[in-house]
Amino acid sequence: QVQLVESGGGLVQPGGSLRLSCAASGSIFSGNVMGWYRRAPGKERELVESISSGGVTKNYVDPVKVRFIISRDNAKNTVYLQMNSLKPEDTAVYYCNVPYTNYPWGQGTQVTVSS
């Protein structure tokens, strides 16, 4: 069964940090590139960061390039997104998935950056 469960979101002040986690079923995690997406209010969902099974990362959104760090624990079938120096424009629902596939989406985790 394909399952993605995101967690770790919340309300944070500008400049703060959060660490998101995504637990994936082994059938889709093992050997695959994993990505973090976000959907901001009124906008399309966008791919933010990805990481290969070997740990090679790629950034897709320039404004987060030096602030967000993606990582994974292959033994735990989990991918993480460390978000630092958060800004109000980072407010969104964050999702993980295998990029460019039709795997079902999880429920996402809400990140709200506000003072």
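The values are calculated or read from the model by the stated rules, or taken from the named source; none is laboratory data. These numbers were taken from a predicted model, which means no experiment stands behind them. In this analysis, Cβ positions are derived from the backbone assuming ideal geometry, glycine residues included, and neighbour counts consider all displayed protein chains. Remember, those area values only see protein heavy atoms, side chains included, never the ligands or the DNA or RNA. Shrake-Rupley method; radii C 1.70, N 1.55, O 1.52, S 1.80 Å.
For the chain, what does the accessible surface come to per residue with a 1.4 Å probe? Please give it in Å².
52
What per residue convex hull volume, in Å³, comes out for the chain when only alpha-carbon positions are used?
On the way: hull volume 10.3 nm³, N = 115.
Dividing the Cα hull volume of the chain by its residue count gives 90 Å³.
Compute log10 of I(q)/I(0) for segment 53-115 with the Debye formula, placing one identical point scatterer on every Cα and leaving out solvent, at q = 0.14, 0.20, 0.29 Å⁻¹, to two decimals.
The Debye formula, applied to the Cα set alone, gives -0.48, -0.98, -1.45.
How many nm is it between the label spots at residue 74 and residue 52, if each spot is 7 Å from the Cα in line with the beta carbon?
Each label point lies 7 Å from its Cα, and together they span 1.2 nm.
How much accessible area does residue 57 have with a 1.4 Å probe, in Å² rounded to the nearest 10?
Answer for residue 57: close to 80 Å² accessible.
Using DSSP to define loop residues, name the trypsin sites (Lys or Arg not before Pro) in segment 9-115 whose beta-carbon has at most 10 other beta-carbon atoms within 10 Å. All intermediate terms of the calculation are to be shown ahead of the outcome.
Values: sites: 19, 38, 39, 43, 45, 58, 65, 67, 72, 76; in loops: 43, 65, 67, 76.
Those that pass, being in a loop and sparsely packed, are 43.
Over the chain, what percent of the accessible surface lies on carbon and sulfur atoms, probe 1.4 Å?
Here it works out to 48 percent.
Tally Lys/Arg at +1 and Asp/Glu at -1 over every other residue whose Cβ is under 12 Å from the Cβ of residue 33; what's the total? The partial results should precede the final answer.
On the way: positive: 58, 72; negative: 49.
Surrounding charge for residue 33 is +1.
Using only alpha carbon pairs under 8 Å that are at least six residues apart, calculate the relative contact order of the chain and give it in whole percent.
Relative contact order for the chain comes out at 37 percent.
Could you list, bin by bin from short to long, the percent of Cα-Cα pairs of segment 20-60 in 5 Å steps?
Bins of 5 Å from zero give 6, 21, 24, 26, 14, 7, 2 percent of pairs.
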